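Colleague: One structure coming up, written as structure tokens, with questions to follow.
Each reported figure results from applying straightforward, stated rules to the coordinates on display, with no laboratory input. The model shown is predicted, which means the values in this text are computed figures rather than measured ones.
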């Protein structure tokens, strides 16, 4: 048994032994979980992919004369005007007006701010006795504004179904381009590097956990939306969308390398974010779960041509199979491709490892845990 205090003291002394979730697999296979747990202090995880339920709170500061902004555009993308006078929230999937094929959206605005680029701010208001200005047209940068932080209601999905299409026509979805008659399969996770697959029941992750978010430090703020603690499991890990995290972090610490606006062709826009969560190796059980491999991790294959909420499950495949470039389904070889970047996920895990090894990142014990039971309610359409 180890404690957070003991591990953090080793980090301060730059003596902590840190492995990425990918590296630690071979160690546990050769030495076993008990001996590996004695040796290793922290395992770092990483993921990099589309996180549609993301966005940023911004405070512009007051102009002279001031304005109460109720209709706001950033580079032509609508931001929310229902907060206080110069506060806003811009969502990753908001699309620029006259944006054609969804080519530019809120995720791109967030990336441009983090990159230090100028962003055009246009806003309108009703004009009041205390906020007399009715419109403003100016340019801002991240350095110009007061606060700017990501607050993402649902990130780090714990597993996600892979997608295919049995129709005779191509489908354009948030799982990418799905070719007719099951000509391809797409999936979206970093598998054995993915944060919540390495701590499947969130033994070490909860409210207040410090994380790597977009190249800077962030925190787990709450359970994510659509949090599902009752998903079916295989080898102790959910096989479909399950737990999620709500995350927060200061955009002024972030790096464009890990926060990128995305266009999902003929679907919409999103934001790709690099997220890494350190797992303290408190005991052998935590060590065993943090050393899970792609061969042990499975996800459902789902037919996206089904328009109902409950799509048909066509089978289950391991991430080792999916990452190989093809799967064999009922005697047919089908090409596979990821929507998330394993290379970038590895980069996230390595960077977080480097921070910890150099004493630059201490671990935080969560201040509260998330539900251990409960699923996701559907929206009932009532008339």
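Colleague: What does DSSP give for segment 61-145 in terms of the percent of beta bridges that are antiparallel, rounded to the nearest 5?
Modeller: Values: 15 of 16 bridges.
Rounded to the nearest five, the antiparallel share is 95 percent.
Colleague: In whole Å and largest first, what semi-axes does the C-alpha gyration tensor of segment 217-327 yield when each eigenvalue is scaled by 5 and square-rooted?
Modeller: Values: eigenvalues 133, 110, 48 Å².
Gyration-tensor ellipsoid for segment 217-327: 26, 23, 16 Å.
Colleague: Compute the relative contact order of segment 265-377 as a whole-number percentage, counting only Cα pairs closer than 8 Å that sit 6 or more residues apart in sequence. Intermediate values should be presented prior to the final figure.
Modeller: On the way: 77 pairs, mean separation 22.7, N = 113.
20 percent.
Colleague: For the chain, restrict the atom set to alpha-carbon positions and state the Rg and Dmax in Å.
Modeller: Answer for the chain, Rg first and Dmax second: 22.1, 73 Å.
Colleague: OK, next. Out of 29, 154, 243, any idea which swings most in a Gaussian network model of the chain, alpha carbons joined below 10 Å?
Modeller: Evaluated over the chain, the most mobile residue of the options is 29.
Colleague: Considering the convex hull of the alpha carbon atoms of segment 144-212, report its projected area averaged over all viewing directions, in nm², one decimal.
Modeller: 7.7
Colleague: Segment 61-145: Rg/Rh from Cα coordinates, Kirkwood Rh? Kindly include the intermediate steps, with their values, before the conclusion.
Modeller: Working: Rg = 12.9 Å, Rh = 13.1 Å.
With Rh from the inverse mean 1/r over Cα pairs, Rg/Rh is 0.98.
Colleague: So, one more: For the chain, give the share of DSSP beta bridges that are antiparallel, in percent and rounded to the nearest 5; count only bridges with both residues there. Don't skip to the end; give the middle numbers.
Modeller: Numbers: 69 of 80 bridges.
DSSP beta bridges in the chain are roughly 85 percent antiparallel.
Colleague: In whole angstrom, and with the biggest value first, how far do the Cα coordinates of segment 7-132 range along each principal axis?
Modeller: Principal extents (largest minus smallest coordinate, Cα): 70, 38, 24 Å.
Colleague: Right, here's the next one. Can you give the relative contact order of the chain as a percent, counting alpha carbon pairs under 8 Å and 6+ residues apart?
Modeller: Averaging sequence separation for qualifying contacts and normalising by length gives 25 percent for the chain.
Colleague: Evaluate the Kirkwood expression for the hydrodynamic radius of segment 275-333, namely the inverse of the mean inverse distance over all pairs of different C-alpha atoms, and round to one decimal in Å. Show your work: numbers first, answer last.
Modeller: Working: mean 1/r = 0.0704 Å⁻¹.
Final number for the Kirkwood radius of segment 275-333 is 14.2 Å.
Colleague: 222 nm [θ] for the chain, helices only, -39500 (n - 2.57) per DSSP H run of 4+, per residue, to 500?
Modeller: Details: 7 runs with 61 residues, N = 383.
-4500 deg cm²/dmol, from helical runs alone.
Colleague: Need the C-alpha centroid separation for segment 54-119 versus segment 313-340, integer Å.
Modeller: Centre-to-centre distance over Cα atoms comes out at 39 Å.
Colleague: Given segment 225-287, report the % of alpha carbon pairs whose separation exceeds 19 Å.
Modeller: 61
Colleague: Turning to a different aspect of this structure: Quick one: grab the alpha carbon gyration tensor of segment 147-281, order the square roots of its eigenvalues as a ≥ b ≥ c, and give me rounded if a/c is under 1.5, else prolate or oblate depending on whether a/b is larger than b/c.
Modeller: Numbers: a/c = 2.40, a/b = 1.34, b/c = 1.79.
Because a/c hits 1.5 or more and a/b fails to exceed b/c, segment 147-281 counts as oblate.
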